[in-house]
Structures are given as C-alpha cells and as structure tokens.
Amino acid sequence: MEKAPNIVVEPPGPKAMEIIKVDDEYLATSTKVAKIAIASAKGALIKDVDGNTYIDFSSGVSVMNVGHCHPRIVKAVQEQSAKMMHVAGTDYYYQVQSDLVERLCHLGPGDHPKKVFLSNSGTETIECAMKVARWHFPDRKQFIAFTGAFHGRTMGSLSLTASKTVHRERFFPLVPGVAHFPYPYCYRCPYHLEHPSCGLLCANIIKEHYFQNVLPPHDVAALFMEPIQGEGGYIVPPKGWHSAIAKIAKDEGILLVDDEVQAGMARTGKMWAIEHFGVVPDIVCTAKTLGSGIPIGATIFRKELDFGVKGAHSNTFGGNCVACASALATLDIIREEKLAEQAEMKGRLIRKRLEEMKEKYEIVGDVRGIGMMQAVEFVLDRKTKEPAVDLRNDVTSLCTKRGLVAIGCGRSGMRIIPPLVIEEEYLNAGLDVFEGCVRDAMRECR
Ligand SMILES: Cc1ncc(COP(=O)(O)O)c(C=O)c1O
C-alpha cells in the first residue's frame, strides 16, 4: 500500500503557492477552506502539486462516495464522451438518460409511481422542487424550512437556506413566503428541553402554535427538510421527529421535500438517509455523489406532481449524456460494491474512535452522525458549550499540514466523511492524524 499521509513539503509548497496566487487574483471569492493545490486523486488519496499525499476525509464535500477516479466511472465517462457528449436531454431522447430516470424512479423511497427532473447541482434540484410545489398548488404560496438548513445558494434555494447569515446577508429580498422553524438540534436545544421529555415540542409547535396563530397551513405548498442536517452541523434529529413532521405535513396536504443532496447515496448506510426514519417523502432531491464528480442533480417526485406542460420547467444541461453515464456507473458501484454496508461497518469504526476521543479530550463536546456521515463538535467548556470556533479552525489547519483533508460544519464542528470505499488502513491512519491534531490543538489553546 502506498504510504499515506506523506508530507514532503509543508503545504502550501512552492508550486501550490503559484496556483494560489493566480486564483487569489482572478477567481471570485467563494468558500476556500485549505491551501491545498491538488494535482490528482485516486480512491481515498489526494496528491498535491508539490508531491504531498493526503488522506481524504471530505470526499470532495460529500461527492466522491465511490472514491476518486473509480475505474468504472472513468471508463463510463470515457466511453460516453467518445460516443456523444451533449445533445440536450430535455429536448431529445437517448438511452443513458432513459436508463437513468427509470432507475432513479425505482430507487426513490416509497412504492408510488415517480418522475424525475435532471439538473446539474444540488441547488437546482431544490429550485425544481420549489417549482414542482408551486405548480401543483397555485394557491399555496408559502414554504416551510428549518434553521440551520442548507439547501443551496441560488435565490430560491437560498430563501430556504438558514445555516449562516453570511449566506444571506445583502441578498434580500429572496423568494418571499418561507417560514423557518428550529431544527431539532438536541445538543443545543433552542427550547432548552431534553428528549424525550420535551414531547418533541420542536415538531409539535408548528401545528399547535404557528398553524393556529401565524401560518395558515392551507397556504403552505411544501416543507423542506434535510433528514440529517449537513452544513448546519451534522445534526441527527431525535427519534420520532421525522414521522411527527411528516404527519404534520400530510395532515395539511403539504408536500414533504427530502433534501438528500448531502446525506443520500449510501453515505449513512442506506441508499437514502430518510429510510432510517420510516418516512416516505413526496419529493426527493439528490446531487453531489450521483455523478461521482460529473455534475448532475435529480429531483424525484410523485408522478402526479409532474408539470405536464412543455416549457414550464427545463434547462440545457440536465440529463447530459456524460453525466448520465457517470450516474449509472455510480448506482452500479453502490449496489455491487455494497457501499451502504461498507458505510455502516466503517461508520461504526469511525464512531468508536470519535467516542474515545470524546472521553479523552474535553474540547470534544459532541459526537454525532449515522454511518459514514459523522462529525464532532468542539467546545471551549463542556458545561457552557461555548463553541470553539478558532480551535476548530486550528484543527483544520493542523490536519492540512499533517496530510488529512477535512472540513468543518456548523459553527465549530468537523465532518468525518471519507469516501465509502476507503481502505481500513487509511481510515485508521486518518483517524490517528485527526486525533493527534485534536490533542495538539487543545494543548496549544490551554
Ligand atoms: C443538503 C444540501 N442541499 C443542497 C446543497 C446545494 O448543492 P450544490 O452546492 O451542488 O448546489 C448542498 C450543498 O452542500 C447540501 O448539502
């Protein structure tokens, strides 16, 4: 096995600095988290331009569940590119697109008939879901979403996103008519209650108070939720929350939209994260991993919600041939390499190590997640739970220096999301590096 991590020059090395300099000059500011200039990536390993090798604990932000440059993805993309790259799948017909939509309809949660709209990113799948809901309910103008949610950054999805004010600041007015309710973040319960004695107030308050006093439920077209909140901090709702929310929606005829963009595609040990909670949504949004690096998004909805009128919704690149070929290969790999089972098994290993770290290091306030969607939340004090934001940033920088690619979430959390195919040796090595960084960052801050 190749030695990893293997840091030969402290990153960013001289070649990385050349690229960073040009980016800084010409690339619009977005969300860069580490000064790593990547030359290539394979499986769970990433190599930078200065010859350093890193273990990937971020999966290209939840995209590379099947690992970087999986040979079957490379082959599917190469073969499809040589045959046909683009002819507008929204306007014409071809095999890879019809194969993909048929498969997605059969894969989507629930036994009901479904249809799919294909796009190019997570945010577009949400835009589509908003339009499906508006189209279906011309008289219902409101949406429900949750605080901490991340559904994307285009103007529609941004109206639902509420994970950090920096995402929204200076972009108002957004799409009007979104009511946000607190997500069940039990570690920091907004109502200062404890589960289960709370009686799931965070769900029931919607029906018992807001629907009575503020928000007429028959004005609400759709409720958007992440089954596990991703960018907001890898927050797993307590038992019963999803079904309570689903019932509230169903009782009022509100469409339930399940945003699986980050949590779906076997990451949690099941194809869809919502399957852990026994709820069947009306609309499912998936992107990120679906194309294993080739941009594609899919909004899968009940067949009867289809627009049914040409031109009501369409795009240029949705269902692009190469993206469809890559998505089909991704679905094959997930099934044939049993990635859900792998996620469950390796997720247990990750969780055990993180729990041990929580025992040892006071700064680890909480450990949470399902399958290989795990995270830790750093705090300055376990009693006050003051978020250790700088310390989390220090851990991230140390990880980079020591050859681990890892990203934060929430205010002071850190995701542990390697590709599902990561070899156990690299997984353990990565966790060793992570633990060393946590220990040293804690020492330095004391
Ligand atoms: C749950 C969720 N929904 C939607 C999005 C938006 O996806 P994209 O960045 O591809 O537009 C993200 C991105 O992180 C996400 O995590």
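The values are calculated or read from the model by the stated rules, or taken from the named source; none is laboratory data. Because the structure is a prediction, the values reported are computed rather than measured. Cβ: placed from backbone, ideal geometry, glycine included. Neighbour counts: every protein chain shown. Ligands, DNA and RNA are excluded from the accessible area calculation, which covers all protein heavy atoms including side chains. Shrake-Rupley method; radii C 1.70, N 1.55, O 1.52, S 1.80 Å.
Overview of results
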| item | result |
| --- | --- |
| For Ile300: the one exception among (1) part of a helix (DSSP H, G or I); (2) open to solvent by less than 20 Å² (accessible area, probe 1.4 Å) | (1) |
| Any hit, region 236-254, residues being within 16 Å of the ligand (Cβ to nearest atom), open to solvent by less than 10 Å² (accessible area, probe 1.4 Å) and within 19 Å of Thr123 (Cβ to Cβ) | no |
| So Tyr54, is it touching a residue at least 24 places away in the same chain (Cβ under 8 Å) and either aromatic (Phe, Trp, Tyr) or assigned by TED's automatic domain parsing to the domain that holds Glu231 (or both) | yes |
| Boolean, Leu354 is touching a residue at least 40 places away in the same chain (Cβ under 8 Å), part of a helix (DSSP H, G or I) and closer than 24 Å to Ser163 by Cβ | yes |
| Where a residue in region 146-157 is open to solvent by less than 10 Å² (accessible area, probe 1.4 Å) and its partner, wherever it lies, is more than 7 Å from the ligand (Cβ to nearest atom) and acidic (Asp, Glu), with Cβ under 7 Å and at least six apart | Gly156/Glu127; Ser157/Glu127 |
| Test: residue in region 50-59 that is under 22 Å from the mean Cα position of the chain (by Cα) and in a loop (DSSP other than H, G, I, E, B) | yes |
| Residue match in region 76-89 (condition: within 24 Å of the chain's Cα centre (by Cα), of a type in the set (Lys, Arg) and more than 23 Å from Thr396 (Cβ to Cβ)) | no |
| Which numbered condition Asp381 misses (of (1) in contact (Cβ under 8 Å) with a residue 40 or more places away in the chain; (2) acidic (Asp, Glu); (3) not in a helix (DSSP H, G or I)) | (1) |
| Residues being over 23 Å from Thr286 (Cα atoms) and either touching a Phe, Trp or Tyr at 6+ places or on another chain (Cβ under 6 Å) or within 15 Å of the ligand (Cβ to nearest atom) (or both) - total across region 134-167 | 1 |
| Pairs, first within 16 Å of Gly232 (Cα to Cα) and not assigned by TED's automatic domain parsing to the domain that holds Pro295 in region 256-277, second within 11 Å of the ligand (Cβ to nearest atom) and assigned to a loop (DSSP other than H, G, I, E, B), C-beta under 8 Å, six or more apart | none |
| Some residue of region 279-296 being within 16 Å of the ligand (Cβ to nearest atom), touching a strand residue (DSSP E or B) at 6+ places or on another chain (Cβ under 8 Å) and either more than 25 Å from Gly232 (Cα to Cα) or without any contact (Cβ under 8 Å) to a residue 60 or more places away in the chain (or both) | yes |
| Scope region 114-129; condition more than 12 Å from the ligand (Cβ to nearest atom) and among the β-branched types (Val, Ile, Thr); matching residues | Val116 |
| Pick from region 206-222, criterion closer than 25 Å to Thr299 by Cβ and away from the ligand (no atom under 15 Å from the Cβ), ranking: most open to solvent (accessible area, probe 1.4 Å) | His218 |
| Which numbered condition Asp390 misses (of (1) open to solvent by less than 40 Å² (accessible area, probe 1.4 Å); (2) under 30 Å from Pro12 (Cβ atoms)) | (1) |
| Lone unmet requirement of (1) closer than 18 Å to Val322 by Cβ; (2) open to solvent by less than 60 Å² (accessible area, probe 1.4 Å); (3) not in a helix (DSSP H, G or I) for Asn65 | (1) |
| Matching residues, region 1-35, being of a type in the set (Val, Ile, Thr) and without any contact (Cβ under 8 Å) to a residue 24 or more places away in the chain | Ile20, Val22, Thr29, Thr31 |
| Of all residues in region 57-104 being polar (S, T, N, Q) and closer than 30 Å to Leu404 by Cβ, the one that is farthest from the ligand (Cβ to nearest atom) | Asn65 |
| Close pairs (7 angstrom Cβ cut-off, 6 or more residues apart or separate chains): part of a helix (DSSP H, G or I) in region 112-129, near the ligand (Cβ under 9 Å from one of its atoms) and open to solvent by 30 Å² or more (accessible area, probe 1.4 Å) anywhere | Gly122/Lys288; Thr123/Arg153; Thr123/Thr154; Glu127/Thr154 |
